[in-house]
Structures are given as C-alpha cells and as structure tokens.
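Everything below concerns the one structure shown next.
The values are calculated or read from the model by the stated rules, or taken from the named source; none is laboratory data. If you're wondering where the values come from, they're calculated on a predicted model, not measured in any experiment. Please note: Cβ atoms are built from the backbone with ideal geometry, for glycine as well, and neighbour counts cover all protein chains shown.
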Amino acid sequence: MRNLSAGRMVRNVVVVVLALIWLLPTYLLIANASVSNDTYSGTAKWFPDSFGLWDNITAGWRAADFTDAARNSLLYAVGCAAVAVLIATLAAFALVVMPIRHKTLWFWLIYCGTLLPLQVFARPLFLAASTTNLYDTRLGLSIVYVAICIPFAMFVVRNFLTTLPPEITESARIDGAGWFRLFWSIHVPLACPAMAAAFVFQFVYVWNELFFGITLTLSPEVQPVMAALASLQGNFSAVGQPAVLAAALVVSLPTVVLFFGFQRFFVTSLKSNI
Amino acid sequence: MQITRLHRTAGLLLATLLAGVAAACGDSGSSGTETGPLSLYSDNPTWEKGFTDAGTALQKITGRGIKPVSVPSTSDYEQVVRTSITTRKTNDLVKWWSGYKLQDLASTGLLSDLTDVWNAAEQKGWLDPALKPNYTFNDRVYGLPMYQSYWVVFYSKPLFAKYDIEPPTTFADFERTAATLKQNDVTPLWTGQSDTWTSFIPYQALVAAQSPDYYTKLTQNQAAWTDPVSQNALNTWKDWIDKGWTTPADSRLADAPAMMKSGKVAMLPIGTWQNSNLKLAGLTPGEDYGAFFMPTSVAGAPKSTFVEGGAWTVPTNAPNRDDAVKALGSWLDPSVQSVWSDFMADSSANPTVPSTDPLIKQIQAKVAQDKPVLLNRFYEAFPSKLVLAATTELSGFMVHQDTGPKVLDSIQKTSETEWADWKKQTG
Amino acid sequence: MTLSARTPRATRDPRPEARSRPAGERPSTVTLPDRLSGAAFLFLGVGLVAIVLLVPFAITVYRGFFGDGVDSEFAGLDNYVEMFRDPILVRSLINTLIWVVGSLVLPVGLGLAIAVMTSATRWGRWARLAVVLPYAISGSAVAVVGAFMLQTDGAVNQLLHALGLDALTTQWLLNWPQNTISAILLSTWQGTGVAVVLFLVGLQTVPPETIEAAALDGADGWKRFRYITLPQLRAVTVVVVGITLANALRAFDLIWVLTQGGPARSSETLALSMYRETFLLQDAGQGSAIAVVLTIVVVGSSWTYLRSNLRGTR
C-alpha cells in the first residue's frame, strides 16, 4: 500500500510538471495577446502591465475580415473531414473485412498520399485546377482537402478495424447480410471512436491549413480563415503584434472547443464500452 | 433500411461531386469582361484599401476601377504568379518587383510591352528617367513603378534627445552616436536575419557608403564580391556586432517598431515604406521618430540612397489586357497618385505629386537638395538566385562574423555561375 | 468493442495483408460480386488519392530528370549527383534524420506516457488538456510563441538566467544543431497532443484496472504495462509511429515560420530544401530530385517500420 502511494505520488508529480511545462508557452501566448499595442516592446512579457485583449481582438478582426473566411473554413473543415472519413472508412472496410485481392497494393496506394511532402503537389495541382476551372472555387479546394485527408483517416480506421474479431464478420455473413449492411449496421457503429478521432484530426488539419488555401484560391469569398490570419502578418502588417496574436487565439477557438467536446465523447464512449 | 440509407448517402455524395464538377467545368467563358473593375494581384492584403481607392480615382479617367486580390505570403505569391501567367487564369494587373526580378519574368515573354506607356508618362514629367533601366529588359519597358521608397535610417527622437545626440552627418558622427547609445544601454542599430532577406541591409548600406560606383558595377557583374570595398564593409559590420551595436541576429523586422518605441533600439535602417508600420505601432512621425540618410564613409565618395519602387505589370494573358495597359497610362496621373501616396504614407513615383506626410516631405526635400545617386536596392539589383544565395551567406555571417572572407568567396563563386545562367536565360 | 477488449485477437497483427478473410476462403475463390463490391468500396478513396495526389507527384518526379527552367534538357541523374555533392543538402538530410529520431522519442514516448498516466486519474484530463491544447493552436501563433521562447532575449534564456544557469543559455535559433533541436522541441510541444489522443483511443480496448495498476506500482506495474498493456496498444502504436514518421520527414511549416531554414540554411530539412530549389530558385529539376530522395526516405522507412512491426508479432 505504501509502495502504491509512493508510485502514485511520483506519477502525480510527473504529470503536474509536464502539464506546467506545456502550459508555459500557452500562458506566454495568452499573456502577450493581452498586452495593449502601446506597451508591447518586441519581446515576450511575463506579466502584462496593461490589458488590451478586447481591443486587440477588435483591431485584428477589423484589419482582416474573418467573418466570411471563418464561415468558409467551417464549411471546409466539417465537410471535407466528414466526407474524407466516410470515404476512408469505406476503403478501410474493404481492406480489412472484404475478400479482395492485392490488399497490400491498395493500402500503400492510399497510404502513400500521407507520406509525400505537400509542396510536391502544388504546381501540377495549380495547373490542373486552372485548366478545369476549379481554381479559386470552393469545390476545387474541397476536393484537394478531401484527398489529402483520406490516407490518414483510412490508416486510423483500418487499424482499428483490425482489432475487431473476425467472428463478427463471419457470423453476419452466414446470416446472409450483404456487405453494405454489414458495413453500415455493424462496423461503422463499432468504429465510431476511431472515426471520430480521425474526423477531429482532419478537422484541425483543414482548419489550420494555409498552403493550399492561398495557392489554389484567390477571392475572399473562397479563402479559408488561415489566409485571412496570414494577411495580418508580413512586412506590411496592418496591426501590431499583440493584435496578430489575439486574432490567432480567436481563430484557434473552434478547434479548442472541438477538443473539449471530443474529450467528453471519449469519456462516455469509454464508460459505455467497457 | 440501413442499406437504403447508405445508398442514399453515397448516391447523394457522388451526385453532388459530379454536379459540382459539371457546373465548374461549364462556366469556362469567365475570362474577359467588358466592363467592371480590373483585377489586381498583389502579395500585400493590407494595401487592398489603397488600391481600391486609387482605383476609384482611376475610374474617373479611364472608366474602369480596380478590384484587388492578394496572396498573404510573398514566396507563395511568386510561385502562383509564375505559374498563373502561363494560363488564362491570370489577373489584369500583377504587382511585381523591378530590376532583375522584372527582367526574369519578362524573359518568359509573358509580359506586355509598356514602353509607350512609360514614354508618354515621362514626357508629362510624371516619371524620373533615371529609373527607366530598373524597368527595362532588352530595351523594352515591362513595368511601371508602383511607389517610390527611399532607404533611410529611422531614429528615435526621444532617445536622441535624452542623450543629447544630433542626427549624424558624417560616418564618424554615426559611429560616435552608436557608441554613446551603447554606453547608455541602448542597442544602437536594428539588424536581423529572421526574415532572411533583411541580412542584406547592413551590407548594402556599408558598401554604398564607401562607393556607389562599386555597387553599381557589382550589379552589372563588372566587379568582384571579393573586392576590398566588400571586405571593408564586412569588417566594419563585424566591428559593430562585436561592440554590441546591433540587435541579435534572430530579431524580427515585425518587432522593430515596438523595440524602437520601448527604447530598446534607437535606429532602424529600412525603406520609407516602413513609415506606415511605425505609425501603426503608435509612433508619430516628426515627433517620436525622424530619418536621416546613411553618411558616406570615404572622403569624396558621392552621396547615394537606395530606392525601391515595385512594378506594375500586365500579363499577355490578362483577360482585360488592353484596358489594363490603358489604366497604367493613367496610374501616374496626379489625381490618382495623391490618393495612393496618402494611403501609403510614402513617396509617389510621380515627382510632381507632393507627400502629405511631414517626414516623407522632409526626405523628398533632402533628395531634391542633395541629388544623391539612386541605387536599386539589393533585392532587385541582382538575378534572383544570386540574391537568395547572397542573403543566405550574409545571414550566416551575422551569426559567425569570423567567416567574412569565406562568405565573400562563396558569393563570388555563386555569382559566376548565376551570371552565366542569367546570360543563357536572357540570351 | 466489448469483445475486442479482452480477446487476445485484439493484439492481432495490423499489417495490411493480415486482415481477416472469411475462414477458409482464398483470394482465388473471391467471387465476382464480392470483387465488384470491393471495388465499389475502394473506388472513391483510391480514385481521389490517385488523381489528386499521386498523379501530380508522378508529374513532379518526371520533371526531376530534366534541367532547370532555362532549357529543360534531359539531365538523367545529374540532379541526383549534384544533390549528394552539396554539403548543405547533406546537412539537410542529417537534419531530417535528427527530426525522425527526435520525433519518435519525444512525441511518441511522451504521448504514450501522458496518455497512460492521465487516463488513470480523474484530474488527469485537465493535465491532458494542457498538452492537447497547443495542437489546436494555429501555425502562425506557434511561430510567435517559438520566437518568444527561443530568441536570444527570449523566455527560455530569461528562465535559465533567473535560475543561475547562464552557462546553459545559447542562441537557440542561430547555432546548429540547437536550432534543429529547438524546432523539434517546439513541434513536440505542439504535436504531442495527437499522440495522446490516439493512445487514448487505443487505451479504450484495455481494461482500466490494467492501466491503473501499471501506472502505479513500481517494477511489477512496469512489467504488467510492458507485457499486458503495451501489446494491446500495438495497433494504435503503429498508427502513431506511422504518422509521426511521416510528419517528421515532411516537417516544413514549423521550421519555415521559425527560422526559414536559416541561418545560412543550417536548419533546413529535405522538405525545405525542396521548396527552396523548386519555388525560390525556380530549379524544378533539382527540386524534384530532392522530392524523390525525400519520398524514398519516407516511404522506405514507413515500409520498413510497418513490415518489421509485422515480424515482431510472429
């Protein structure tokens, strides 16, 4: 028993120290987003001597109009992540459950997509987008996002499906269930946590994506929120650094909220399943 | 039940995708428009309001305004422009750089010839003929100046007043000023290489202070990088770093105005386009900060200043190409330029348009009085690849100052291959 | 789920080819309808990835056999030879390898430890939140945080100074290899949350008592963790390592915003070198050659990992 509590204490101390290390940069970020533009001195402040968070947010918001961009990004992040996870789950189901040939080949064909550096695609994709008139359209950017999101989502869901006992499939097949029925009524409900995890990651990825957001789009009606955020920075910054930080914090809120919600989902699915 | 639901979902999904593709492919004739504003492409979202306002003034003359669109990252912007001008998906007006960067783009044959526009503007006295070489490739003009920034040293007036310093007029003065500031725990000079390109700032200043002629020859591949002038420049720079006169090499330009405002740093050598950023940090020109030209360091050396002007270009593939060329004919019109230079808080490229900013006015007067040699700033003064290689080497020098001779050797070597490539490219 | 939690099958091999086939069925006996429905399930995934990602990649690779933008003559392997002669590109390769090792040790190791340690206590979720939070923060804010922490007069050096450890202060972003290590640490700060969340998904298949005991009790607990919990996490470990490997090798954004690969290209990784050659220097040939080498490294190491992972279970 004594042994146990000693172990618990060591563990608790380690957890607390790690959490503090992790919180330190986050704290600096919030503290300096709160420094008013007038007192910002070009280097990090530990203790802000003024409070200008709301002013900074307003200044940032006014300098780059985030409203449209945020709506676009919400659409891209929810839509593309959901579509990608669905397509990826279909593929993962085929790769794990169905009796098809060349599974290794198909697996690597999809998985390769997550291994290649994104910058490789930029030029050919731009040229392709402009010849098909998909350049600077929501659809064009969405197709690219969906494709980029598929490999990782497939990987996550596939690996989860491999942990399911094959008896599930076998008994259902003996009962005469078709593949679609099997997929939809047995595997999808079981794979929900993995699908949710994949969705969250892809949501965050799309929300934070900047490179294709500015390479494949042009008009404010189509551009994602990170493009608007990036427009606050650079040599000809329209606002001071604290406002840039404040805007960056606000723009990060949706993903933080998603993580909060996700953690809840986790706890409940943990309880219900075991 | 569940099967039909899946079928419906999947069917719907596919239908949406296909319908989308079909719809997108359908409207292929979206290139040219008869009326409406011309599309303008830049890497600077914060200028969009200025472009729109200048466009309104332009519309009164030519009938068509400006609708700006921008890419917020310069390196991505370059890439998109280079790729897009080969297609019909390009814009009517494209912001670019002058000098070799313009020649580089013009050598693709995808930029419209603006020689007549330039000549007409020059005849009206709207352009300084001295700038023409910066916009010329193979005797034809392919760009028009967007603005006119001079490179100065901004200084903190409160700090200078506190330590009883006058803006230096000689190089010895400048070094005395720096020493005084350093004694009082103020870092005299902002320098940094976090943005990579900023590493050329001290180099170009120290070279031009000795010999504008050498700099010009260097930009024409008629002088060596290993020349004593360059060596002296790096030696002086090393001396400054050793004495702690410069900010650490990882300082960011974005923080420079705030550093000056909080009294950490006293001087900022940069183009006058930085004026608007200093204002933004809450500083008032003339009160909180002033500006002076870097003094010459060699007796008898002519005065010089670096200029920077950007460039308007019209791609040959532009949907409204003729109207865009016509619009550029009126871009330098005083009624357009006064709107634009007020927005920029910087000089207009049209010398007949006065600035309304007190500090810029002062700088313009000083230029008119001293008639310094106008040098194109480093970034546009060499083939792009050479600029990139040189700024990379110089940023290394900022961290390891004992590598001076090696740095110059290496730039010289790159310069030989890059100039050879350049000749091949431009034939 | 309920079943998988306790059956030994949960630890079954996650390798691609070891998927459950209906008992006794061999690939040659796959019926046409099954094959057709298999194709239907795979169609969208394979199709989209192939068209949007693989075809553009092939075009880029093809470009690698030609010279730079000027004359674009067929250059054979010149671009590749050139690459291994350039000391900067060799260092870039070394940096890439440091990234791989660093990312496997830090985010994966810490992620597993944090997931296990925090899943056993109620307040652990708050500590977990602290770790997961940076993952949700956008790249540009991370860049500013990085500068705040790591600049010469930044928070890290201030802290070291305050603790009397002046000997440890250094110009984190300016000297090699500190700048590469700094970037990895920043990436760990931002990215460990992914590993934590994924390990949590995996821990759902492990009975909580096992984790609790393992996390608490000295040597015995460690053994239990090593031989009971860890094997059950194998499937998710494959995902975490696979993803970490790919991300480390492609590391771009964070380095770009932190140092732009400098000073003097000392913190460049292959992804940055490729970007520089292709887009800043307009040398598509050389850039493509680097892209190919990078791809060989990424796909090769992932392949090796996934395969050796399969051998380990036999």
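Can B:Ala381 be described as among the hydrophobic types (A, V, I, L, M, F, W, C) and not assigned by TED's automatic domain parsing to the domain that holds B:Tyr100? So B:Ala381 passes the test.
Restricting segment C:95-111 to residues that are surrounded by fewer than 24 Cβ atoms within 10 Å (Cβ to Cβ) and under 22 Å from A:Val13 (Cβ atoms) leaves a set whose member that is modelled with the lowest pLDDT is C:Val105. Taking segment B:65-94 as the range and being surrounded by fewer than 21 Cβ atoms within 10 Å (Cβ to Cβ), of a type in the set (Lys, Arg) and more than 21 Å from the chain's Cα centre (by Cα) as the test, the residues that pass are B:Lys67, B:Arg88. Every listed requirement among (1) modelled with pLDDT of 85 or more; (2) aromatic (Phe, Trp, Tyr); (3) crowded, with 20+ Cβ neighbours inside 10 Å is met by A:Trp108 save one, (3). Contact map, segment C:295-314: residues that are farther than 16 Å from C:Leu54 by Cβ paired with residues that are hydroxyl-bearing (Ser, Thr, Tyr) and modelled with pLDDT of 80 or more, Cβ distance under 8 Å, separation 6+ or inter-chain. Pairs shown: C:Val297/C:Thr96.
Exactly one residue among C:Gln286, C:Gln260, C:Gln282 is under 25 Å from C:Ala147 (Cβ atoms) and within 14 Å of chain B (Cβ to nearest Cβ), and that residue is C:Gln260. Restricting attention to segment C:237-256, the residues that are out of contact with any Ser or Thr (no Cβ under 7 Å at 6 or more places or on another chain), free of Cβ contacts under 8 Å to residues at least 60 places away in the same chain and over 15 Å from A:Phe211 (Cβ atoms) total 2. Checked against (1) more than 9 Å from chain C (Cβ to nearest Cβ); (2) more than 21 Å from A:Phe107 (Cα to Cα), A:Phe199 passes all but condition (2).
The rows are residues; the columns are (1) crowded, with 19+ Cβ neighbours inside 10 Å; (2) part of a loop (DSSP other than H, G, I, E, B); (3) β-branched (Val, Ile, Thr).
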site: B:Leu181; (1), (2), (3): yes, no, no
site: B:Ser194; (1), (2), (3): yes, yes, no
site: B:Leu206; (1), (2), (3): yes, no, no
site: B:Asp213; (1), (2), (3): no, no, no
site: B:Thr226; (1), (2), (3): no, yes, yes
site: B:Gln231; (1), (2), (3): no, no, no
site: B:Trp237; (1), (2), (3): yes, no, no
site: B:Asp250; (1), (2), (3): yes, yes, no
site: B:Met260; (1), (2), (3): yes, no, no
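Within segment C:119-149, the set of residues being in contact (Cβ under 8 Å) with a residue 12 or more places away in the chain and under 18 Å from A:Val10 (Cα atoms) comprises C:Ser119, C:Ala120, C:Ala127, C:Arg128. Please work out if A:Ala69 is within 26 Å of C:Asn247 (Cα to Cα), in a helix (DSSP H, G or I) and of a type in the set (Gly, Ala, Ser). Against the criterion (within 26 Å of C:Asn247 (Cα to Cα), in a helix (DSSP H, G or I) and of a type in the set (Gly, Ala, Ser)), A:Ala69 does not qualify. Quick check on segment A:187-197. Is at least one of its residues part of a loop (DSSP other than H, G, I, E, B), crowded, with 22+ Cβ neighbours inside 10 Å, in contact (Cβ under 8 Å) with a residue 60 or more places away in the chain and at negative phi? No, every residue in segment A:187-197 fails to be part of a loop (DSSP other than H, G, I, E, B), crowded, with 22+ Cβ neighbours inside 10 Å, in contact (Cβ under 8 Å) with a residue 60 or more places away in the chain and at negative phi.
Scanning segment A:83-96 for residues that are under 15 Å from A:Thr169 (Cα atoms) and more than 7 Å from chain C (Cβ to nearest Cβ) yields a single hit, A:Ala92.
Among the criteria (1) without any contact (Cβ under 8 Å) to a residue 24 or more places away in the chain; (2) within 10 Å of chain C (Cβ to nearest Cβ); (3) not in a helix (DSSP H, G or I), the one A:Thr39 does not fulfil is (2). When each of A:Leu216, A:Leu182 is tested for being surrounded by 24 or more Cβ atoms within 10 Å (Cβ to Cβ) and more than 7 Å from chain C (Cβ to nearest Cβ), the lone residue that passes is A:Leu216. Scanning segment A:149-172 for residues that are over 24 Å from C:Leu44 (Cα atoms), assigned to a helix (DSSP H, G or I) and within 7 Å of another protein chain (Cβ to nearest Cβ) yields a single hit, A:Glu170.
Just one of the listed residues (B:Leu131, B:Leu105, B:Leu159) is buried (at least 24 other Cβ atoms within 10 Å of the Cβ) and in a helix (DSSP H, G or I), and it is B:Leu105.
Out of B:Thr196, B:Thr272, which single residue is hydroxyl-bearing (Ser, Thr, Tyr), over 20 Å from B:Asp409 (Cβ atoms) and in contact with a Gly (Cβ under 9 Å, 6 or more places away or on another chain)? Step through it out loud before you land on a result.
Numbers: B:Thr272 fails: in contact with a Gly (Cβ under 9 Å, 6 or more places away or on another chain).
Result: B:Thr196 is the single residue among B:Thr196, B:Thr272 that is hydroxyl-bearing (Ser, Thr, Tyr), over 20 Å from B:Asp409 (Cβ atoms) and in contact with a Gly (Cβ under 9 Å, 6 or more places away or on another chain).
Of the residues C:Ala235, C:Ala246, C:Ala271, the single one that is modelled with pLDDT of 80 or more, assigned to a helix (DSSP H, G or I) and within 7 Å of another protein chain (Cβ to nearest Cβ) is C:Ala271.
Residues in segment B:40-50 that are buried (at least 23 other Cβ atoms within 10 Å of the Cβ) and in contact (Cβ under 8 Å) with a residue 60 or more places away in the chain: B:Trp47 alone.
What do you reckon, is B:Ala318 of a type in the set (A, V, I, L, M, F, W, C), buried (at least 24 other Cβ atoms within 10 Å of the Cβ) and touching a Lys or Arg at 6+ places or on another chain (Cβ under 8 Å)? So B:Ala318 does not fit the description; no. State all residues of segment B:369-418 that are among the polar types (S, T, N, Q) and assigned to a helix (DSSP H, G or I); if no residue qualifies, say none. Passing the criteria: B:Gln369, B:Ser384, B:Thr391, B:Thr392, B:Ser395, B:Gln401, B:Thr403, B:Ser410, B:Gln412, B:Thr414, B:Ser415, B:Thr417. Determine, yes or no, whether B:Phe200 is buried (at least 17 other Cβ atoms within 10 Å of the Cβ) and assigned to a strand (DSSP E or B). It is false that B:Phe200 is buried (at least 17 other Cβ atoms within 10 Å of the Cβ) and assigned to a strand (DSSP E or B).
Within segment B:257-268, identify whether any single residue is away from chain A (no Cβ under 14 Å), in contact with a strand residue (DSSP E or B) (Cβ under 7 Å, 6 or more places away or on another chain) and within 22 Å of C:Asn175 (Cα to Cα), and answer yes or no. The answer is no, given that none of the residues of segment B:257-268 is away from chain A (no Cβ under 14 Å), in contact with a strand residue (DSSP E or B) (Cβ under 7 Å, 6 or more places away or on another chain) and within 22 Å of C:Asn175 (Cα to Cα).
The single condition among (1) touching a residue at least 12 places away in the same chain (Cβ under 8 Å); (2) charged (D, E, K, R); (3) surrounded by fewer than 20 Cβ atoms within 10 Å (Cβ to Cβ) that B:Lys424 does not satisfy is (1). Quick one: is A:Leu139 surrounded by fewer than 23 Cβ atoms within 10 Å (Cβ to Cβ), under 30 Å from C:Ile290 (Cα atoms) and more than 7 Å from chain C (Cβ to nearest Cβ)? Taking the combined requirement at face value, the residue does not satisfy it.
Please go through segment B:51-64 and give me each residue that is surrounded by fewer than 20 Cβ atoms within 10 Å (Cβ to Cβ) and within 14 Å of chain A (Cβ to nearest Cβ), ordered by number. Within segment B:51-64, just B:Thr52 meets the criteria. Within segment B:288-328, the residues that satisfy the criterion of being more than 30 Å from B:Thr216 (Cα to Cα) and either part of a helix (DSSP H, G or I) or out of contact with any strand residue (DSSP E or B) (no Cβ under 8 Å at 6 or more places or on another chain) (or both) are B:Asn317, B:Arg321, B:Asp322, B:Asp323, B:Ala324, B:Val325, B:Lys326, B:Ala327. Answer yes if at least one residue in segment B:266-284 is of a type in the set (Phe, Trp, Tyr) and assigned to a helix (DSSP H, G or I), and no otherwise. Within segment B:266-284, one or more residues are of a type in the set (Phe, Trp, Tyr) and assigned to a helix (DSSP H, G or I).
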